[in-house]
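Undergrad: Before I ask anything, here is the structure I am working with.
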Amino acid sequence: MSGLVLRISGMTCGSCASHVEEALREVPGVLAAEVSYPAASASLKVATGTSTDALVAAVAGLGYRAAPVDAPAAPPHGEPLKRGREQAGHGDGKLHVAVIGSGGAAMAAALKAVERGARVTLIERGTIGGTCVNTGCVPSKIMIRAAHIAHLRASSPFDGGISAATPTITRGRLIAQQQARVEELRHAKYENILEGKPSITVLRGDARFSGGHNLLVRMHGGEEREMTFDRCLVATGASPALPPIPGLEETPYWTSTEALASDSIPPRLAIIGSSVVAAELAQAFARLGSRVTLLARSTLFFREDPAIGEAVTAAFRAEGIEVREYTQASHVAYRNGEFVLATGEGELHADRLLVATGRYPNTRGLGLDAAGVATHAQGAIRIDAAMRTSAPDIYAAGDCTDQPQFVYVAAAAGTRAAINMTGGNAMLELSVMPAVVFTDPQVATVGLSEGAAHLEGIETDSRVLTLDNVPRALVNFDSRGFIKLVVEAASHRLIGVQAVAPEAGELIQAAALAIRARMTVEELADQLFPYLTMVEGLKLAAQTFSKDVRQLSCCAG
């Protein structure tokens with residue numbers, strides 16, 4: 001019998017150490033094994049003649065690396081370092097974390113990793129800040145707000161007492177205002193923060209994996225730099241997807257990026273899509289002066305409770321937006337300065353065409369195969385609840401994965417990934433994830449719809465409260481929409497809320513907290529809600545399980 005110590009690299013937490021220990025104990029000749037994650041080592045008692053190669057192979061089978069402590073020390077993670085390569089740790093003893101991307105997930109991860117003592121190299125091939133601040137959330141919500149103001153000036157429930165007039169839209173000035181705020185937020189929340197963090201090095205270029213701990217970065221100046229890392233986060237986001245419609249690629253179509261940057265409002269706008277981006281931009285352009293036709297392959301928001309699509313469609317049609325349900329374009333052409341879309345209902349002519357049919361992950365060209373990172377068929381990176389990929393030291397977060405495509409989900413995932421990359425153990429739990437669509441009325445959801453609950457085998461009960469029963473809606477003279485509560489039938493525990501209402505986004509977090517607290521509808525109905533707020537609709541909806549709220553006095557408890 002003899003003692004043997006192995007160096008173990010690639011472990012990210014105590015759980016990894018447990019798995020390695022278990023694997024080593026299964027090797028013939030191993031009498032005892034103790035693996036330490038902090039020490040990155042395994043202490044073994046082995047019978048004489050036990051194969052070291054078998055021990056190394058057992059560890060390698062789990063995706064980690066092992067070597068006897070008396071073996072010559074190798075450069076970090078493998079092959080000899082070449083001149084000009086940036087080494088993990090940089091000689092300062094710090095864990096080296098590479099982050100590919102600079103959006104919500106990437107920034108959250110970089111900042112958390114530095115906070116936990118790591119050194120970070122952040123690699124960005126385009127504009128710092130990613131989609132949300134530059135071409136997504138921020139510019140779209142500015143445009144939507146401007147369109148809402150234009151709509152209120154042209155038409156409101158109070159036109160009888162407040163004269164209305166169709167406003168003049170100067171799109172160029174709106175774009176300038178929008179872009180100024182985008183740049184302000186990008187500087188404040190991304191660029192300035194990075195400049196103030198000496199532990200974060202920013203490289204501008206395209207990164208691709210050349211191994212499990214190696215990246216090649218082609219810098220914007222043409223130089224190619226090779227570097228190693230201890231841990232890596234892929235947070236490269238997603239880009240607008242293009243449906244396979246004949247002729248489309250040969251036309252000057254818009255994605256949301258071009259639409260949000262346009263300095264003009266097209267007289268006729270056709271939109272292909274039926275979900276968030278399509279709906280938000282359809283209403284915004286319509287309120288700013290476009291005649292909008294929306295082509296939905298099925299119905300609007302067909303993945304949600306059917307009542308949501310019905311309510312939004314009714315609101316759109318009331319504003320003059322043409323919603324064509326169950327309609328697809330079989331061919332697209334651009335001739336004589338206009339788009340011509342062939343559909344089952346005849347040709348549709350438009351000055352501009354916006355394609356908003358989803359987004360695909362930005363994972364092409366990353367060399368994921370070289371690092372052993374598995375993806376789904378569409379290219380999204382496979383991750384677990386800890387944001388780990390199939391490669392032991394590589395993590396991923398945000399829209400390049402199969403997570404819901406919301407920036408707050410990406411940021412939460414990036415933070416947790418950084419914790420896990422630096423020795424912690426953090427999971428991202430998404431069962432109570434609120435979501436908002438910024439149409440008017442807004443769409444807000446959290447938890448399970450009835451359909452989703454039934455697919456999980458949950459027997460449900462539900463109530464729908466129309467907004468003509470909510471005092472806030474009545475005094476606003478705007479009772480479009482509803483609030484729906486879904487409960488588990490046996491326990492009456494709240495498991496889902498769907499709302500279509502003006503400012504629905506402002507009430508959904510209260511619903512999320514109620515679900516998280518495992519409240520019953522009786523407990524929700526018994527809470528104090530301020531009178532003449534939209535969130536009071538949650539209380540009223542909860543009361544409908546046991547009362548006729550039409551028979552209650554104002555703010556009745």
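Undergrad: Of the conditions (1) crowded, with 24+ Cβ neighbours inside 10 Å; (2) within 28 Å of Glu226 (Cβ to Cβ), Thr131 fails just one. Which one is it?
TA: Every condition holds for Thr131 apart from (2).
Undergrad: Consider region 344-359. How many of its residues are more than 19 Å from Leu260 (Cβ to Cβ) and either without any contact (Cβ under 8 Å) to a residue 60 or more places away in the chain or not aliphatic (A, V, I, L, M) (or both)?
TA: So the count comes out to 5.
Undergrad: Just to be sure before I move on: is Glu347 surrounded by fewer than 20 Cβ atoms within 10 Å (Cβ to Cβ) and assigned to a helix (DSSP H, G or I) in the structure I sent?
TA: no
Undergrad: Something else now. Assess whether Gln442 counts as being touching a helix residue (DSSP H, G or I) at 6+ places or on another chain (Cβ under 6 Å), among the polar types (S, T, N, Q) and in the same structural domain as Ala105 (by TED's automatic domain parsing).
TA: no
Conditions tested, residue by residue: (1) surrounded by 17 or more Cβ atoms within 10 Å (Cβ to Cβ); (2) at pLDDT 95 or above; (3) part of a helix (DSSP H, G or I).
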| residue | (1), (2), (3) |
| --- | --- |
| Val436 | yes, yes, no |
| Arg463 | yes, yes, no |
| Leu474 | no, yes, yes |
| Phe477 | no, yes, no |
| Gln498 | yes, yes, no |
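Undergrad: Further question: If I ask for residues that are of a type outside the set (D, E, K, R) and over 19 Å from Arg359 (Cβ atoms), which ones from region 239-269 would you list? First the steps, then the outcome.
TA: If we filter region 239-269 for residues that are of a type outside the set (D, E, K, R), which is where we start, we get 239-248, 251-257, 259-262, 264-267, 269.
Matches in region 239-269: Pro246, Gly247, Thr251, Pro252, Ser262, Ser264, Ile265, Pro266, Pro267, Leu269.
Undergrad: To continue, here is another question. If a residue has to be surrounded by 15 or more Cβ atoms within 10 Å (Cβ to Cβ), free of Cβ contacts under 8 Å to residues at least 24 places away in the same chain and in a loop (DSSP other than H, G, I, E, B) to count, how many in region 513-532 make the cut?
TA: Looking only at that region, the number is 1.
Undergrad: Same structure again: Give all pairs with beta carbons closer than 7 Å in which a residue from region 92-106 that is touching a residue at least 12 places away in the same chain (Cβ under 8 Å) meets a residue that is of a type in the set (Asp, Glu) and not in a loop (DSSP other than H, G, I, E, B); count only pairs at least 6 apart in sequence or on separate chains.
TA: Gly101/Glu124; Ser102/Glu124
Undergrad: Here is a list of conditions, (1) touching a residue at least 40 places away in the same chain (Cβ under 8 Å); (2) touching a strand residue (DSSP E or B) at 6+ places or on another chain (Cβ under 7 Å); (3) more than 29 Å from Phe285 (Cβ to Cβ); (4) of a type in the set (A, V, I, L, M), and Ala412 meets all of them except one; can you say which number that is?
TA: Condition (2) is where Ala412 drops out.
Undergrad: Let me ask something else. So, Ser140, is that one in a helix (DSSP H, G or I), among the hydroxyl-bearing types (Ser, Thr, Tyr) and closer than 17 Å to Leu288 by Cβ or not?
TA: It is true that Ser140 is in a helix (DSSP H, G or I), among the hydroxyl-bearing types (Ser, Thr, Tyr) and closer than 17 Å to Leu288 by Cβ.
Undergrad: Further question: Is it true that Thr327 is in contact with a Gly (Cβ under 6 Å, 6 or more places away or on another chain), part of a loop (DSSP other than H, G, I, E, B) and at pLDDT 95 or above?
TA: Considered against the rule, which asks whether it is in contact with a Gly (Cβ under 6 Å, 6 or more places away or on another chain), part of a loop (DSSP other than H, G, I, E, B) and at pLDDT 95 or above, Thr327 comes out as no.
Undergrad: Answer yes or no as to whether Ala176 is farther than 19 Å from Ala282 by Cα, part of a helix (DSSP H, G or I) and either over 22 Å from the mean Cα position of the chain (by Cα) or in the same structural domain as Ala282 (by TED's automatic domain parsing) (or both). Steps first, please.
TA: Working: farther than 19 Å from Ala282 by Cα: yes; part of a helix (DSSP H, G or I): yes; either over 22 Å from the mean Cα position of the chain (by Cα) or in the same structural domain as Ala282 (by TED's automatic domain parsing) (or both): yes.
It is true that Ala176 is farther than 19 Å from Ala282 by Cα, part of a helix (DSSP H, G or I) and either over 22 Å from the mean Cα position of the chain (by Cα) or in the same structural domain as Ala282 (by TED's automatic domain parsing) (or both).
Undergrad: State yes or no: is Gly309 surrounded by fewer than 15 Cβ atoms within 10 Å (Cβ to Cβ) and free of Cβ contacts under 8 Å to residues at least 60 places away in the same chain?
TA: It is false that Gly309 is surrounded by fewer than 15 Cβ atoms within 10 Å (Cβ to Cβ) and free of Cβ contacts under 8 Å to residues at least 60 places away in the same chain.
Undergrad: Here's a follow-up. Select from region 393-404 the residues that are of a type outside the set (Phe, Trp, Tyr) and surrounded by 20 or more Cβ atoms within 10 Å (Cβ to Cβ) and list them in ascending order.
TA: Asp393, Ile394, Ala396, Ala397, Gly398, Asp399, Cys400, Thr401, Gln403, listed by residue number.
Undergrad: Here is a follow-up. Could you tell me which residue of region 248-275 is nearest to Thr343 (Cα to Cα), considering only residues that are under 22 Å from the mean Cα position of the chain (by Cα) and among the polar types (S, T, N, Q)?
TA: So the residue we want is Ser274.
Undergrad: Hey, which of the strands (runs of 3 or more DSSP E) in region 1-78, taking only ones fully inside, have at least 3 residues that are over 28 Å from Ala417 (Cα atoms) and modelled with pLDDT of 85 or more?
TA: Ranges flagged: 2-9, 30-36, 41-46.
Undergrad: Can you find even one residue in region 473-492 that is touching a helix residue (DSSP H, G or I) at 6+ places or on another chain (Cβ under 6 Å) and free of Cβ contacts under 8 Å to residues at least 40 places away in the same chain?
TA: Within region 473-492, one or more residues are touching a helix residue (DSSP H, G or I) at 6+ places or on another chain (Cβ under 6 Å) and free of Cβ contacts under 8 Å to residues at least 40 places away in the same chain.
Undergrad: May I pose another question? Give the residue, chosen from Arg186, Arg225, Arg218, that is surrounded by fewer than 16 Cβ atoms within 10 Å (Cβ to Cβ) and touching a residue at least 12 places away in the same chain (Cβ under 8 Å).
TA: Values: Arg186 fails: surrounded by fewer than 16 Cβ atoms within 10 Å (Cβ to Cβ); Arg225 fails: surrounded by fewer than 16 Cβ atoms within 10 Å (Cβ to Cβ).
So the residue among Arg186, Arg225, Arg218 that is surrounded by fewer than 16 Cβ atoms within 10 Å (Cβ to Cβ) and touching a residue at least 12 places away in the same chain (Cβ under 8 Å) is Arg218.
Undergrad: Another one. Quick check: anything in region 163-178 touching a Lys or Arg at 6+ places or on another chain (Cβ under 7 Å) and under 30 Å from Leu216 (Cα atoms)?
TA: Checked region 163-178: no residue is touching a Lys or Arg at 6+ places or on another chain (Cβ under 7 Å) and under 30 Å from Leu216 (Cα atoms).
Undergrad: Being buried (at least 17 other Cβ atoms within 10 Å of the Cβ), outside any strand (DSSP E or B), in contact (Cβ under 8 Å) with a residue 12 or more places away in the chain and in contact with a helix residue (DSSP H, G or I) (Cβ under 7 Å, 6 or more places away or on another chain) narrows it down to one residue among Ala510, Ala452; which is it?
TA: Answer to the selection: Ala510.
Undergrad: Another question, if that's okay. Could you check region 221-261 and list, in sequence order, the residues that are under 30 Å from Ala146 (Cβ atoms) and of a type in the set (Asp, Glu)? Working first, answer last.
TA: In the first step, residues of region 221-261 are kept if they are under 30 Å from Ala146 (Cβ atoms); the result is 237-243, 248, 251-261.
The one that is under 30 Å from Ala146 (Cβ atoms) and of a type in the set (Asp, Glu): Glu258.
Undergrad: Ok, one more. In contact with a helix residue (DSSP H, G or I) (Cβ under 8 Å, 6 or more places away or on another chain), among the β-branched types (Val, Ile, Thr) and in contact (Cβ under 8 Å) with a residue 60 or more places away in the chain, is that true of Val535?
TA: No: the conditions fail for Val535.
Undergrad: Quick test of your reading of the structure: Thr255 fulfils all but one of (1) in contact with a helix residue (DSSP H, G or I) (Cβ under 7 Å, 6 or more places away or on another chain); (2) crowded, with 17+ Cβ neighbours inside 10 Å; (3) outside the structural domain of Ala396 (by TED's automatic domain parsing). Name the failing condition by number.
TA: (1)
Undergrad: Moving on. Only residues that are within 16 Å of the chain's Cα centre (by Cα) and either of a type in the set (Asp, Glu) or surrounded by 22 or more Cβ atoms within 10 Å (Cβ to Cβ) (or both): list them for region 416-434, please.
TA: Listed by number, the residues that qualify are Arg416, Ala417, Glu429.
The values are calculated or read from the model by the stated rules, or taken from the named source; none is laboratory data. Quick caveat: nothing in here was measured; it's all calculated off a predicted structure. With ideal geometry, Cβ positions are generated from the backbone for all residues, glycine too; neighbour counts draw on all protein chains shown.
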